[in-house]
Structure formats: C-alpha cells, structure tokens
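The values are calculated or read from the model by the stated rules, or taken from the named source; none is laboratory data. Note that the structure is predicted; figures quoted are calculated from it, not measured. Here the Cβ is made from the backbone with ideal geometry for all residues, glycine too, and neighbour counts use every protein chain on show. With ligands, DNA and RNA removed, areas are computed over all heavy atoms of the protein, side chains included. Shrake-Rupley method; radii C 1.70, N 1.55, O 1.52, S 1.80 Å.
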Amino acid sequence: MSDDSDIAQARVFLDLLATHARTLARAINTAERTYQAQRLRELHAELRTVRHCIERIHCRYPDIAPPHHARI
C-alpha cells in the first residue's frame, strides 16, 4: 500500500518538475535573446538541478514516466 502512494506521489512530483523544466527552458530562451548573462547562468543552474531531481526519481522508480505532454 505504501509503495502505491509513493509511486503516485513520485508521478505527481515528476509532472511538476517536467512542467518547471519547460518553464525554465522558455526563460532561458528569453534570457539568451535579451543578453541577460547573469540571469542565464542562474536559469541554467536551476535547470540542472531540476533535471537531476528528475533523474533521481527515474532511478528510484524506473517504471514511471511523466505524461507525454510533460516530457522535457
């Protein structure tokens, strides 16, 4: 029973992380176009952290994946 709730929670978190990664990718695109070097470094660092979290979830729960629309 606990495993089911852990997997369900991981799926929700994975979906939220994927959504946040897409938002960061759009912000990176904007920062690149407007030459915001410091902001760009911050966004890339945050995106690396988000991707690391996604990777850790996949390592812990290899059978789950975000919905197709949420993939990055």
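Structure notes:
- Count of residues meeting criterion [in contact (Cβ under 8 Å) with a residue 40 or more places away in the chain and over 8 Å from the mean Cα position of the chain (by Cα)] in region 16-25: 1
- When residues of region 32-71 are limited to those that are at pLDDT below 95 and touching a His at 6+ places or on another chain (Cβ under 9 Å), the one least open to solvent (accessible area, probe 1.4 Å): ILE64
Here's the yes/no breakdown for (1) out of contact with any strand residue (DSSP E or B) (no Cβ under 8 Å at 6 or more places or on another chain); (2) closer than 23 Å to ALA65 by Cα; (3) of a type in the set (Ser, Thr, Tyr); (4) assigned to a helix (DSSP H, G or I):
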residue: VAL12; (1), (2), (3), (4): yes, yes, no, yes
residue: THR23; (1), (2), (3), (4): yes, yes, yes, yes
residue: GLU32; (1), (2), (3), (4): yes, no, no, yes
residue: LEU40; (1), (2), (3), (4): yes, no, no, yes
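- Note on region 1-31: residues that are β-branched (Val, Ile, Thr) and crowded, with 16+ Cβ neighbours inside 10 Å amount to 1.
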